[in-house]
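Below: the structure, in structure tokens.
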Amino acid sequence: MKIVITGVTRGLGRALGEWYIAHGHTVAGCGRSGPAIFDLRFTHPEPHSFDALDVTQPVKVGLWAERVLGVLGAPDFLINNAALMNAPAPLWKVPADEFAAMLAVNIGGVANVIRAFVPAMIERGSGTIVNLSSGWGRSVSPEVAPYCATKWAIEGLTKALAAELPAGLAAVPLNPGVIDTDMLQKCFGGGAASYPKPEEWAKTAAPFILGLGPEDSGKSASVGGFED
Ligand SMILES: NC(=O)c1ccc[n+]([C@@H]2O[C@H](COP(=O)([O-])OP(=O)(O)OC[C@H]3O[C@@H](n4cnc5c(N)ncnc54)[C@H](OP(=O)(O)O)[C@@H]3O)[C@@H](O)[C@H]2O)c1
């Protein structure tokens, strides 16, 4: 399979990328961290490809997609994984620039990547778009209101997209569960260490994603099952 993953430099995106490559799939990934992208390029040469890219920049996302599509063709799976978490605080204490950055990455970035890749998937007539949601895209907790807002948005955006896609394509919002990543450490602190590591999570999550197709389009998925 040909798999595009955003936010592939660490955390869940990195673990998915490594699992897919280890199991014979071809991965094209992006993230902002130049050193991590260099490391991925060095470890996983062509046909895999890794680019230093900020998903909030639509022109650069378009150029990236053009190159990836030119080399690989339309992806079988487009995994919108890149996202930010706010520093825990009541909503009225979250600075405007932090709030805006979360909307730009967690919602705008997903739309930018969809705009750049989905026309080629429609042209081919197949492919699955998986947008990383969260438990906090279906429930709430105090001090993470900006994050909740973006992940509830991802549920709505993805289900509306599913209603727009032609037969043969799918769009699925996926709650990955709770995993010990930099993001989780930002909200749970030391408590994050008691949750599974990304590499362990990927052993179940990566094949589960590969099983998502048109029959699942528009359903809220969690690794291992569906909520509606
Ligand atoms: N961990 C959990 O328990 C959990 C639970 C529910 C949902 N999720 C969701 O799962 C996904 C992955 O989370 P994670 O825990 O792996 O987070 P993470 O450890 O913070 O990793 C986030 C990834 O996104 C990339 N990224 C952030 N901003 C970007 C941008 N503007 N452009 C391109 N890449 C960007 C980061 O790389 P750079 O810094 O190099 O750009 C990094 O590779 C997110 O959508 C998150 O909301 C995670």
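Brief remarks follow.
- Local electrostatic count at Thr26 - Lys and Arg +1, Asp and Glu -1, tallied over other residues with Cβ under 11 Å: -1
- Neighbourhood charge, 12 Å Cβ-Cβ cut-off, centred on Leu53 and excluding it, Lys, Arg +1 and Asp, Glu -1: +1
- Convex hull volume per residue for the chain, taking Cα atoms only, in Å³: 116
- Cubic angstrom per residue, convex hull over Cα atoms of the stretch 152-221: 88
- Scaled against the 2.2 N^0.38 Å expected of a compact globular protein of N residues, the Cα radius of gyration of the stretch 95-138 reads 1.47.
- For the stretch 100-228, dividing the convex hull volume of the Cα atoms by the residue count gives 111 Å³ per residue.
- Dipole magnitude of the stretch 46-125 about its Cα centre (Cβ charges: Lys, Arg +1; Asp, Glu -1), debye to nearest 20: 160
- Only DSSP H runs of four or more residues enter the estimate; each adds -39500 (n - 2.57), and after division by the residues of the chain the mean residue ellipticity at 222 nm equals -14000 deg cm²/dmol.
- Pairwise Cα distances in the stretch 34-81 exceed 18 Å in 36 percent of cases.
- Label separation (Asp182 vs Glu215): 3.9 nm, computed from points 7 Å beyond Cα along the C-beta direction.
- Split the accessible area of the stretch 107-208 by element, probe 1.4 Å, and carbon with sulfur accounts for 62%.
- Probe 1.4 Å, accessible area per residue of the chain, Å²: 44
- Eigenvalues of the alpha-carbon gyration tensor of the stretch 1-122, scaled by 5 and square-rooted, set the equivalent ellipsoid semi-axes at 26, 17, 12 angstrom, largest first.
- Of the DSSP H helices in the chain, those whose Cα atoms cover at least 15 Å axially and whose Kyte score averages -1.0 or more: 11-22, 58-72, 110-124, 145-164, 198-210
- Its residues counted as N, the stretch 64-137 yields a C-alpha radius of gyration over 2.2 N^0.38 Å of 1.37.
The values are calculated or read from the model by the stated rules, or taken from the named source; none is laboratory data. Please read all numbers here as calculations on a predicted model, not as lab measurements. Positions of Cβ are generated from backbone atoms using ideal geometry, with glycine treated the same way; all protein chains shown enter the neighbour counts. For the accessible areas, the whole protein counts, side chains as well, though only heavy atoms, and no ligand, DNA or RNA atoms are used. Shrake-Rupley method; radii C 1.70, N 1.55, O 1.52, S 1.80 Å.
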